[in-house]
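The values are calculated or read from the model by the stated rules, or taken from the named source; none is laboratory data. This one's a predicted model, so the numbers in the text were calculated from it and none came from an experiment. Virtual Cβ from ideal backbone geometry, glycine too; neighbours counted across all protein chains shown. What goes into the accessible areas is simple: the full protein's heavy atoms, side chains included, and nothing from ligands, DNA or RNA. Shrake-Rupley method; radii C 1.70, N 1.55, O 1.52, S 1.80 Å.
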Amino acid sequence: MDTSAMFNLTYGLFIAAVELNGRRNGCIINTAIQTTAEPCSMTVTMQKSNLTTEMILKKWSFTVSIISQTCPLELIKNFGLTSGRDADKFAGLDYATDRKGNPYFKKDMLSFMSLEVTSIIDLGTHYLFVCNVAEAEKLEAGKPMTYADYRTLKAGGSLEAAAPAPARKTYFCSVCHYVYDGDVPFEELPDDYLCPICGKPKSFFVTG
Ligand SMILES: Cc1cc2nc3c(=O)[nH]c(=O)nc-3n(C[C@H](O)[C@H](O)[C@H](O)COP(=O)(O)O)c2cc1C
């Protein structure tokens, strides 16, 4: 079996966060997925060794936030590479809470969901939390951060570079309706450009 075949799976990137007895903690996860629409449910796979996992096992509820591409890499590293056992990850950060007191960020997040654990499946190194979605809200507009985006940022790349070029305007001749489709952008054509069909000058072209 070639387990590198699994590298082609696509994932989103999320923060799972929980409050227990006045203590807030959270971690980065890539394993949140919607499982059913009616009722609205999700599953999340969490390492047993994470403090967040331990706290969820006691609270049976937590938030999952969908990270925006605008999220600073430092926040992702803070929540994904350090443990709440060593640092208070929420210290100094502005957060809101769901109805159960579980924290979530409103900035650099596209949506948050408040999950109630309905069953737990033991997977050896991990638990699979099967959850009912109790609350859900859209936060900022934007594009979701993917696991691949995170790897690009971590390697020093930028997401703008990976973004597709903006669509080019379509220009067509107002006389014969020939649609310009050359490699050179229409705006950069010389002033003496003529329509190849009816011979009208560049000024006869309009965009649509
Ligand atoms: C990109 C990325 C994806 C991750 N996905 C998961 C995941 O799906 N489940 C999980 O339990 N941990 C995941 N982690 C690891 C935890 O975020 C990490 O172990 C964290 O330090 C645990 O913090 P805690 O001990 O405060 O809970 C991921 C980390 C990164 C950087």
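One table, with the values for the structure above:
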| quantity | calculated |
| --- | --- |
| Alpha-carbon centroid distance for the pair the range 183-201 / the range 1-32, whole angstrom | 53 |
| Compactness of the range 164-208 - radius of gyration and Dmax, Cα, Å | 10.4, 34 |
| Equivalent ellipsoid semi-axes - Cα gyration tensor, the range 8-66, angstrom | 21, 14, 10 |
| Relative contact order (%) - criterion: Cα under 8 Å, at least six apart; region: the range 1-152 | 29 |
| Whole-Hz couplings from phi, Karplus 6.51/-1.76/1.60, listed for the range 115-131; x for Gly and Pro | 10, 10, 6, 9, 7, 10, 10, 7, 10, x, 6, 10, 10, 9, 8, 9, 10 |
| Directionally averaged shadow of the range 1-101, computed from the convex hull of its alpha-carbon atoms, nm² | 8.5 |
| Distance in nm between pseudo-label sites at Leu159 and Tyr178 (7 Å out along the Cβ direction from Cα) | 4.3 |
| Length gained when the stretch Glu74-Thr170 is fully extended (0.36 nm per residue, less Cα-Cα span) | 30.4 nm |
| Lys107 long-range amide H proximity, modeled H, under 5 Å | none |
| P(r) histogram, all alpha-carbon pairs of the chain included - 10 Å bins from 0, percent | 8, 28, 25, 12, 10, 11, 7, 1 |
| Computed [θ] at 222 nm, helices only, for the chain once each DSSP H run of length n ≥ 4 contributes -39500 (n - 2.57) | -3500 deg cm²/dmol |
| Solvent-accessible surface (1.4 angstrom probe) belonging to Arg23, in square angstrom, nearest 10 | 90 |
